[in-house]
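These notes concern the structure reproduced below.
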Amino acid sequence: MHLSGYEHYKFATIHTDLARRAGMTTHAFLVTDLTNIYEDMIHFTRRYNQLNYCNGDKVTIWVSTQKQVENREEKIIDLINLIANYHDRNYIDVAFFKRDIDDAIIDLDKIPKIVNLTIINCNAQLSGIAEAGSWVYTNKFEGENQMLAYDFYGFYTDNGGYQLSMIDTDYVVQKGDTWYSISRRHGIPLLDLLVLNRAEKTDQLFAGQIVRIA
């Protein structure tokens, strides 16, 4: 939809048109380096309207940290609030590279708890962030540049379910996980998950533990 530094991002029209012709659901996407969020907002809103997106479509704010910017978290909050002036806040997603969180370039504790958090952690087994609702796991597919992601809680797919990962039968426990959060993330009834792992709900989990999910 929009990329910082471009007044008119032509690929927004091309990608949206191709996806819609293929019968795919499309959502609005804003990639920002946060250097000028007001300019980003103007161009994004213009393209949003031109491409006939509506209030029920999801909006992703993908944060790029390639440029030096002060008070990133404040600017992210300002951008969320700007979009929320005309768009349902419950449909706004924010996406970060895991490396930016690991390197303390982005402080998640300073970002408001929104409905969905997307983590870009390509070529890894998991998102690596317990709060993640979506995980971009690759930027290459059949030799093409193409971001693919798992939608753990159905934020984008609207099915309330989990898109099965390539890990298939096992899940590696992350810090903060509970039996309940794992069952919810993978769309498995809590009791079934416990039976599958011969566990009690009072059993403690630890980071790195392998839990069967199928």
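Side notes on the structure shown:
- Look at the range 114-125: where a residue is within 17 Å of residue 146 (Cβ to Cβ) and a partner is of a type in the set (Ser, Thr, Tyr), sitting 6+ places away or on another chain with Cβ atoms under 6 Å, you get 118/134; 121/127; 122/138.
- Here is the figure for the range 185-208: residues that are modelled with pLDDT of 80 or more and surrounded by fewer than 14 Cβ atoms within 10 Å (Cβ to Cβ) total 12.
- Yes/no for residue 182 being among the β-branched types (Val, Ile, Thr) and either modelled with pLDDT under 75 or in a loop (DSSP other than H, G, I, E, B) (or both): no
- Elements of the type strands (runs of 3 or more DSSP E) sitting completely within the range 1-112 and holding at least 1 residues that are acidic (Asp, Glu): these cover 92-97.
- Among the candidates 151, 168, residue that is of a type outside the set (Gly, Ala, Ser) and at pLDDT 65 or above: 151
Here's the yes/no breakdown for (1) exposed (fewer than 14 other Cβ atoms within 10 Å of the Cβ); (2) farther than 27 Å from residue 77 by Cβ; (3) without any contact (Cβ under 8 Å) to a residue 40 or more places away in the chain; (4) basic (Lys, Arg):
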site	(1), (2), (3), (4)
14	yes, yes, yes, no
17	yes, yes, yes, no
23	yes, yes, yes, no
33	no, no, yes, no
39	no, no, yes, no
43	no, no, no, no
51	no, no, no, no
57	no, no, yes, no
60	no, no, no, no
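The values are calculated or read from the model by the stated rules, or taken from the named source; none is laboratory data. Note that the structure is predicted; figures quoted are calculated from it, not measured. Here Cβ is always computed from backbone atoms with ideal geometry, including for glycine, and neighbour counts include all displayed protein chains.
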